[in-house]
Amino acid sequence: MYLLIGVLTSIGLFYAMRFYIIRREIRRLTKQIGELGVNACYGQRLYLEENDRALAKAILEINRIVDGYENKLRRIGEMERNIRLAISGISHDLRTPLTSVAGYLQLLKKAPSPEKQKEYLGIILDSVRVIQELTESFYELSRLELDENNY
């Protein structure tokens, strides 16, 4: 009888200690999760100090979610960089023909002969066509990008 009480007490103590250890691990993990959101940095993951299969599975899933979130942040950063580069390219591509138009309009104002005026108007019209084509290309590109992102 005393042996049975001793065995049951030992089992009870074992499970009480296990319960205490797991609760302490859950409190520590809760703190880690809070810090993960506040002090987020790439590569930071949750880890276990105690070996518990159920907690390990939960931590693995949380770390997978963090991985997915980091990948999305990286893609967003790349997209933002690409947008900035595209805007820079668009600005440059539009600036060149606009500068040409402005210069030839100034020459047109001062052109003494009708032949020179005709020549300058032709150059201006060519530059305006280039601007229209660039604008149309950028419009089409942005439409395609928007359609692509909707799927």
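Observations, loosely collected:
- Largest-first ellipsoid semi-axes for segment 67-130, taking √(5λ) over the Cα gyration tensor eigenvalues, angstrom: 46, 8, 4
- Probe 1.4 Å, all protein chains present, accessible-area order of VAL130, VAL101, largest first: VAL130, VAL101
- Going by accessible surface with a 1.4 Å probe and the largest first, GLU140, GLU25, GLU133 read GLU133, GLU140, GLU25.
- The mean accessible area for residues of segment 60-102, using a 1.4 Å probe and ignoring ligands and nucleic acids, is 78 Å² per residue.
- Nearest-ten-degree value, helix 2-38 long axis tilted from longest Cα axis of the chain: 20 degrees
- Percent of C-alpha pairs per 10 Å bin, the chain, short to long: 9, 19, 14, 13, 12, 9, 8, 7, 4, 3, 2, 1, 0
- Förster-model FRET efficiency, 35 Å R0, ILE83 and GLU49, C-beta, rounded to 0.05: 0.20
- Fraction of accessible area attributable to carbon and sulfur, the chain (%, probe 1.4 Å): 63 percent
- Heavy atoms of ARG75 accessible to a 1.4 Å probe, total area in Å² rounded to 10: 130 Å²
The values are calculated or read from the model by the stated rules, or taken from the named source; none is laboratory data. None of these values were measured; they are calculated from a predicted model. Every residue, glycine among them, receives a Cβ derived from its backbone with ideal geometry; neighbour counts consider all protein chains shown. Accessible surface is based on the protein model in full, side chains and every heavy atom, while ligands, DNA and RNA are left aside. Shrake-Rupley method; radii C 1.70, N 1.55, O 1.52, S 1.80 Å.
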